[in-house]
Structures are given as C-alpha cells and as structure tokens.
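A short worksheet on the structure shown next.
The values are calculated or read from the model by the stated rules, or taken from the named source; none is laboratory data. Computed from a prediction, not measured in an experiment: that's the story for all the values here. Here the Cβ positions follow ideal geometry from the backbone for every residue, glycine too, while neighbour counts run over all protein chains shown. To get the accessible areas, we keep the full protein, side chains included, count just its heavy atoms, and leave off ligands, DNA and RNA. Shrake-Rupley method; radii C 1.70, N 1.55, O 1.52, S 1.80 Å.
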Amino acid sequence: MTTNDLQAHSSVLERLKPLINTELFDEEFRLLTGDLAKSQQFLIKMELKRLAQPCTYYIDLRGRVDGEVRPFEHKGQTHYLDELAIQTFEKGLKQYGQYTIGIFEDVTNTNNNFRVRHQQETNKRLQDVLSGEFPDTVNPAGIPSDLDATANDYKAAHLIRFAGYSVRREERMNFTIDIEVVMQGEERFPATTSDLSVSGCKIKIPLAIEMTAGQKVAIFFRGLEQEFALGINNGIPYQVIDVEPADKSFYVRLKRLPLADEKGFSEFLHHFIHGNKRRYKVNLDNTYEAVFIKGYEQFYLPRISSLPVFLSVNEGKATPACVLTTENNRHLMHYFQDERQQNVLPQLLHVRRLKQCLAKEANENSTVLYTFTHAAKGRLFFYSATTEELMQHPELQNVFLGFGAAKPSFRAFRMSVLRTIPAHAHIPLSLPNSADQEVQKLNQPPTPLIANFIRNLRYIVALTDISTAQSAALYKAMSYDAALLNQLKVFGHAKLEKSVHIESASVQYVNLRSESRFLYKTTVVLELDKGGDIQSFSRDFSSKGLQLECAEPVSFSKGDTVRISLPELQKITTKYQLSGLPYEIMAVSKNKLIMNMRVIDPTNDHAGKIFFQQLINNNRSKLTMAEETPKYPGLGPALRNMYVKALDTFAFYVHRQGVRYNLDVVAMGAKPSALHKLLAHFSEDPDSITVLPLLKNNATNLQFANQLKKMKRQEVPFSYEVFLRFKPDQDGIEHSFETKFDFDFQLHSAKKAFVDDVVNNDLFFAFKIFLSRTGRPDTEHIAKELGYVSTYAIHKAKVLEEELWSVVGVGDVVDITDEVLLRFNLSHEQIANQQQQRLALLAKLNLSE
C-alpha cells in the first residue's frame, strides 16, 4: 500500500503509472513534480518503481469480499476474484503492461473488501468522536443505540435442529416424467414426478387438485410406458404421506403400497434408477442436510459445559447410571466426589426433585440447584437445595445461601430434566442401503452389551455450573441468624452405605492431544521462593504434564516456571524425589484457579516425568483416562445420540468471513427453549431466527470476535451474562427488547437498579453465554456421508466443507433468570410473579405458532 505521506500525491502517481516503462516518463515526471522538493520527487519515483515490479502472488478473495468470486486465469495462474476485482486487474494490466505489485495491491484493496470496509468504518467512528459529531445510531456518549443500526441490514440466523435429519433406505433420483393419477371415484388428472425411488416418489400437481395425507391413489407412468412395456393395466398403488404447497402447485410425497402382481416393477425401477442416476442426478437433499447438521453437532457436543447424567429407572426408582463427559465438564465429576472418592449424585438427584421439575410447564423443566460442602472430623458432607426448596423454607434461605457462599465449594447449577428412551441411541447414516461393508458396519445398532446397559435409561439430568465469584459475593453478603445453622441439616445428604458406581463415557471427536491424561486427585504444593507455599490439588495428569486447581486465585501467568512437590505421592515412593520439581505453566484460566503445566525439557531425566510414566504403566487398569475410555465400547456414541435427541439447548455459531465475524447459525434441540420461542416470535421464516437482542452494539465483532482471537481450542469457555428487558406491549423487535451485558455495568448498584426496574415494570430474562473456540471440523464423523455427496455433487461438498471450516466459535446460552432474581435478593412474591408472567407469555407464543 502507498504510504500515508504519499497519499497527497495520489493523482500524480495515477498519471505516471502508465508511463513508467516508456520514453515519455522522464519528461512527464519533471512537469508534474517540478515544484516539489527533491526528497519528495525521490520518494515518488521509488514508489512508482515499487508498484511496477513484476508480481507472482496468487490472489484468493473467497470469503474476503462482498461479491461472487470465480476463477480468473492469467498467464497460467488461477486467481479467485469477483467482478470488481477482475475489472481492477484488467485496468492495471493496461496501466502497467504486466501483473505487478501495484495491481496486487489495487485488487486486494477494493471498496467491497471486508477488511477495507472495516477500516473505513473504524476511521469514520474515530473522526466522529474527535469532531464531536455522531451518527443517528449513536448517542452523545459515543455508545451505539441499544440494538445497534444492524436492525436495518441484519440477516436472520439460519436455524438448524439437532438430530433433525431423516434416514432413507434407498436412493432417490431427480427425475421428471409425465404420469396420470387416478383418485377414488375414478377422477383422473395429469401430473409430473419430481423425484423417484423404488418405494416412493414426489409428484407435482395443480393447485386445483386437493390431496390429503393417508389418501390412496393409483399412478400410471405414461412417460415410461412410451419407452418400456410395463404391462400394468390398473396402475401402481400409492398412499399420500405429505402435501407441500408451492408457488403455483402442490408437491405431494407418496409411498408405494404392496401389489400382488407387480410384474417385476420394483426390479425394473431399481435397475432404471441405478443405470440413470448419474444422468438425472441422485437426490441428495437428505444426506446433505444430515452432513450439514452433524457437522455443527460435532462442534457443539465436545464443548458442552453441562454434565449430562443419565438416570436408570428400576422398580420405579431413578438412579444415576452414567455420565457423558467432555473436556469442559469433566471437572464436575471431581466436584461431586466426597473424601472417599465416592460420587454423591445419587443423593442429590433424588426422585422428589425429578418429579418437581417434570411437573412444571413446558420449557420450564428445570430449576437452580445450590450446593456446598462442609468438612467435619475428616469427612466431607454435601448440602444442596433447589430454588423451590428454599422457598418452602423461607426462614432458612439466607442461612443456606449466606453460610454456603462463604465456602470455596459453593456452586449454583442449572438443573434441567430431559426425557429419553434407549431407541434414541442408534442414529444410522443418512445413506441408502449400500453394499459397502464399512457403511454396513457403521449402521449397526448398539451391541447387545450396550443395549443391555442402556435398556432402563429414561431421564437425563443436565447440570450446568452457572456460579460466578461475583454472584457468590452477593450470596455471602446476605445476613442470617447463626442460631439457625443447625437447621440446615434438612438440606444435608447422608452417606450411602453402599456406593453407586456411575459409568463415564466421553463424546468422541477429533482429539488433538499428544498423549493420554488420567483423572487423579492428589495434593500438590506450589513452592514459592518467599515462603507461603500454595496448596492445590491435581485434576488430571500425564507423564509430561498436570492440571491443577487452586482454592484461591493465583498470580501466575503463561510461561512462568514453578516448582512443585507431591507430598501424598511421595509416601508411596522412595526411588524418586517428588519435591522441587520444575514445571512450566502453559495456561491459566480466566478466574486464575486452574492451571495447565508441563515438565521443563521433557527430553531430560525429569523425576516427575519418570515417576508418572511408571505410575501409569503399573496402574493403567486402575486409572481412569481423562478421555474416559469406557468399560463398555460404544457407550459414548450411544449416550451422545440419546443426548442430542433430548436437548433443550440454545447454541449459536460464529463464522469468520474475511475480517468479519458473523453469528449466522443457531441450533435447537428436540424442543425449543424459552429463548427460541421468544426470538422466533419476531422471525418471519421457520427456518431462520433473529438474534438481534444478542447482537447489541455489534457484540459479535466487538466482543465475541476479540475474545475468540485470544482463545485456543483447548481453553475453557469464556462466559458472559446478558440481561433482557422484554416489553410485551411493544411492536417490533427494536422496541420490545432492551439488552444489557455484564460488561455494560460499571457498578454493581447499576446492575441491581436495572434488575429492580425491569421486574417492577416489564418481563425479565437472564442468560449465561459460554463461548468456546473451535478447532478444525470433525470431518471423520461425517466422512462417509460427505464422500457420498462428493460422488454426485462435488461442488456441494466443497461448499459444505468451506462453511464448516469457517466456524471459529460456538456459544451455549443457558437460562439463569431465576438464579439472578434470587442473587439480587428479590422477594418470593416478585420471583413468583415473574415466573407466572413468563409462563403466560410462553403459552401465548405456543398458541400463536
């Protein structure tokens, strides 16, 4: 790019560019620069020589410009340019006579380039601020209006439904041919097919004809009869499955009914489709949709922060049987263990709580579960209470929250109860019946071992940690009568005489780790030079590294070197000295409580590395892998399928397109969440959804994008809290919502004032966003189906792959409304009133769908 000090002479540069390599250059140069200083003349001449240098750079503008990009050939090189770039390139060739640096810079800096536009917008905002002039969408404080100016040109996000794909047993061919349809009563009319398979077809009929699901008809394939002797006099019987309206016609899906004497028609169709599928093209709609959705599922599921606990029902009693783990939720399994390493989830997830959640209205099968632990006489006791249970004991609410929040173990979980059935464990590939042995193997249902294990699974309890240090401080500040502490035993959990084993299985996905890690909790002392060593405990380990959790925030940063000792492990070995071990800190969590560290120079004889290698080799059968390799092969995929078919989640995806980041895909599970219903009310298309309330002040590019740039794939999610004011009596989304992120409030008092005002005048919603950085797409999970699409439409497969590769972040949006209201110590009456208003609103939205 031409430097800023030469921008004033841009007109001179433009006039001299075509003359650089001609005899007229020197004379014209003297005429145009005669009144300039020698230094300026020198700089202009050097700049012209630089721009005229031959260039061999390839130019690829795909995803970088607002235009349709296509291949552009020039002297054996293929560039990818849009129309404006091509015109600029060809104009440059006329100026310079060949492909030069100047052409490269002009083509990559056109006005429709996203990077250029972003820079222009940034410069304009700076100029406006400096000059004191603000556009209409900005208030005098320099802050954009509540829903930004994006409402005018905002494009709704594409809505996908997890597990919302169908499976076809056979291939369909896009094939148009004349047919005659005979309805009951001998009414006949001509029509045409849209696609055709052995057991069904889709036909196009006039708007004047009425057909309904379940109706039986006979079809004569008149077009085929002109070329083949079918010999069927009474037509082929079909039954209507569905009728879809189009602009000037109806599309009717039909399935074939059995025919006693079909005279080989099925075999004829099979050979006809197989022989012509490349000529007429196989219908790929179902497979393409499945690959698309599964690709997005595999971005979301491995990064969930919720811990799905699967409950088995035996003799009317529900007990936790297994959990589905990820890197983001695995630490919760540690949290729910007592001093004997026994899991307390069976005591926390008792039948009364499950029934309480299931008895609620639709979209409200959840509650907030508060927990903390209390140590006494070397034993660890768990206490827990839901929002409803605290309201049933109002005199103990502040006692429980105030006393519990003073402990480091205090947590608040969103507890959501979902229904499931074992049949959901099997999701076959969306491919027609194939002779491919690998496809047949992948399409097999769960093994008898897995089927027996999951046969009684009926519920999934999703536990999401929604607590923060700020919320804990508010609970801790609640005043209470210490004399009532003994009464908290009503919320305590007795220890089970016989422990219940809970099986763990992990979400399978592309794993980029260099070695296996194992779950193990032991004391680790961080040795400080100035004394005052820090106590912590391990969460997992490998031969080359550790993950530690500290009780209090630490001041270490990535790259620091620390020395650690392992006092408990030292008791089992005299061969190795497990103190003063040097480790390098590789990552520190945002709350400064969790650290990843690796041995310094692992090629040397590091005592810690050698000890852990020997520990792993000698105890592999006793250790639990952090990847949670189950005792039941295939359990992970089975639980994954059951969970994805039961989800009530709101997930969104951030794509990078050039320099811009867009939130343009939203996912929902088996049933829409309250946020889905709320936003869908302002959406025009059932396959899209507006997310404007989440994009206040261009949050995608100014907040989410900046955070994602700083994150790595393996980092824990970064969280935001967002508060929504909803005004039911207003029209239009711009007037119905007021959005406040946690970073919008400088003072706690301002946040409290906002919540109080909304609760007193409007309807309050609060959500927590867990934002994760994604890695490369898990194409292994969709390899067979993607390969099938590539066989018949490679351009579609490339478009799909490009879209998945552009995903850089995934967000999980969790409802925390009730927790926020209790956090700010609102009265039970206010909380109950808000709950009733929300239920009434959701019921109204259900009726309007």
Item to check | Failed item, numbered, when T629 is tested on (1) within 20 Å of T522 (Cβ to Cβ); (2) at pLDDT below 80 | outcome: (1)
Checklist entry - When the residues of segment 537-586 are filtered to those that are within 31 Å of the chain's Cα centre (by Cα) and over 20 Å from Y520 (Cβ atoms), which remaining residue is least open to solvent (accessible area, probe 1.4 Å)? => result V554
Checklist outcome for this item: Log entry, pairs with first residue in segment 440-467 being under 30 Å from S719 (Cα atoms), second being of a type outside the set (A, V, I, L, M, F, W, C) and part of a loop (DSSP other than H, G, I, E, B), beta carbons closer than 8 Å, six or more apart or on different chains, reads Y459/T420; I460/T420; A462/S306; L463/S306; T464/S305; T464/S306; D465/S305
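Given E227, E244, which one is under 21 Å from M173 (Cβ atoms), assigned to a strand (DSSP E or B) and at pLDDT below 90?
Answer to the check: E244.
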Next on the checklist: Need pairs with beta-carbon distance below 8 Å; first residue aromatic (F, W, Y) and within segment 393-405, second in a helix (DSSP H, G or I); sequence gap 6+ or separate chains.
Outcome noted: F400/L390; F400/L488; F400/F491; F403/L485; F403/L488
Checklist entry - Consider I103 against the criteria (1) more than 14 Å from R64 (Cα to Cα); (2) under 35 Å from the mean Cα position of the chain (by Cα); (3) not acidic (D, E): it satisfies all of them except one. Which criterion is unmet? => result (2)
Next on the checklist: Can you tell me which condition K489 does not meet? The list is (1) surrounded by 13 or more Cβ atoms within 10 Å (Cβ to Cβ); (2) at pLDDT 90 or above; (3) among the charged types (D, E, K, R), and all the others hold.
Outcome noted: (1)
Checklist outcome for this item: Here the residues within segment 728-754 that are under 18 Å from L675 (Cα atoms) and open to solvent by less than 60 Å² (accessible area, probe 1.4 Å) are G732, I733, S736, F737, E738, T739, K740, F741
Checklist entry - Hey, Q77 hits all of (1) over 16 Å from N701 (Cα atoms); (2) surrounded by 15 or more Cβ atoms within 10 Å (Cβ to Cβ); (3) at pLDDT 70 or above but one; which does it fall short on? => result (2)
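Residues are listed down the side, and each one gets a yes or a no for (1) surrounded by 14 or more Cβ atoms within 10 Å (Cβ to Cβ); (2) modelled with pLDDT of 80 or more:
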position	(1), (2)
S11	no, no
R15	no, no
I44	yes, yes
P71	no, yes
Next on the checklist: Looking at the structure I just gave you, is A359 within 30 Å of the chain's Cα centre (by Cα), open to solvent by 10 Å² or more (accessible area, probe 1.4 Å) and free of Cβ contacts under 8 Å to residues at least 12 places away in the same chain?
Outcome noted: yes
Checklist entry - Quick one: in segment 173-204, which of the residues that are β-branched (V, I, T) and closer than 23 Å to N233 by Cβ is farthest from the chain's Cα centre (by Cα)? => result V182
Checklist entry - What helices (runs of 4 or more DSSP H) completely inside segment 756-849 contain at least 1 residues that are among the polar types (S, T, N, Q) and in contact with a helix residue (DSSP H, G or I) (Cβ under 7 Å, 6 or more places away or on another chain)? => result 783-792, 828-848
Item to check | Qualifying residue in segment 743-753 (condition: more than 23 Å from N833 (Cα to Cα) and touching a residue at least 24 places away in the same chain (Cβ under 8 Å)) | outcome: yes
Checklist entry - Hey, any hits in segment 325-339 for a residue that's at pLDDT below 90, more than 28 Å from the chain's Cα centre (by Cα) and open to solvent by 50 Å² or more (accessible area, probe 1.4 Å)? => result yes
Checklist entry - For segment 94-196, list the helices (runs of 4 or more DSSP H) that sit wholly inside it and hold at least 1 residues that are modelled with pLDDT under 75, among the hydrophobic types (A, V, I, L, M, F, W, C) and surrounded by 11 or more Cβ atoms within 10 Å (Cβ to Cβ); which are they? => result 114-131, 150-153
Checklist entry - Of all the residues that make up segment 502-532, how many are open to solvent by 50 Å² or more (accessible area, probe 1.4 Å), in contact (Cβ under 8 Å) with a residue 12 or more places away in the chain and more than 22 Å from Q714 (Cβ to Cβ)? => result 1
Checklist outcome for this item: Considering residues that are in contact with a Phe, Trp or Tyr (Cβ under 7 Å, 6 or more places away or on another chain) and charged (D, E, K, R), the number found within segment 412-434 is 1
Item to check | Matching residues in segment 210-223 - criterion: being within 46 Å of the chain's Cα centre (by Cα), surrounded by 15 or more Cβ atoms within 10 Å (Cβ to Cβ) and assigned to a loop (DSSP other than H, G, I, E, B) | outcome: M211, Q215
Next on the checklist: For segment 708-724: of the residues being in a helix (DSSP H, G or I) and open to solvent by 10 Å² or more (accessible area, probe 1.4 Å), which is farthest from Q119 (Cα to Cα)?
Outcome noted: K710
Item to check | Among (1) surrounded by 20 or more Cβ atoms within 10 Å (Cβ to Cβ); (2) among the hydrophobic types (A, V, I, L, M, F, W, C); (3) not in a loop (DSSP other than H, G, I, E, B), the one test that A646 misses | outcome: (3)
Item to check | Output for segment 587-618, where each listed residue is open to solvent by 80 Å² or more (accessible area, probe 1.4 Å) and in a loop (DSSP other than H, G, I, E, B) | outcome: K590, N591, T603, N604, D605
Checklist entry - Within segment 530-554, which residues are out of contact with any strand residue (DSSP E or B) (no Cβ under 9 Å at 6 or more places or on another chain) and either at pLDDT below 85 or under 21 Å from N617 (Cβ atoms) (or both)? => result K530, G531, G532
Item to check | The one condition in (1) small (G, A, S); (2) open to solvent by 20 Å² or more (accessible area, probe 1.4 Å); (3) within 27 Å of R115 (Cβ to Cβ) that S683 fails to fulfil | outcome: (3)
Checklist entry - Quick check: anything in segment 82-89 β-branched (V, I, T), assigned to a helix (DSSP H, G or I), open to solvent by less than 90 Å² (accessible area, probe 1.4 Å) and farther than 30 Å from Q657 by Cα? => result no
Checklist entry - Can you pull out the residues in segment 482-508 that are part of a loop (DSSP other than H, G, I, E, B), among the charged types (D, E, K, R) and over 21 Å from A376 (Cβ atoms)? => result K498
Checklist entry - Which one is farthest from K521 (Cα to Cα), of the residues in segment 299-324 that are open to solvent by less than 10 Å² (accessible area, probe 1.4 Å) and out of contact with any strand residue (DSSP E or B) (no Cβ under 8 Å at 6 or more places or on another chain)? => result L301
Item to check | Yes/no for G787 being at positive phi and open to solvent by 10 Å² or more (accessible area, probe 1.4 Å) | outcome: no
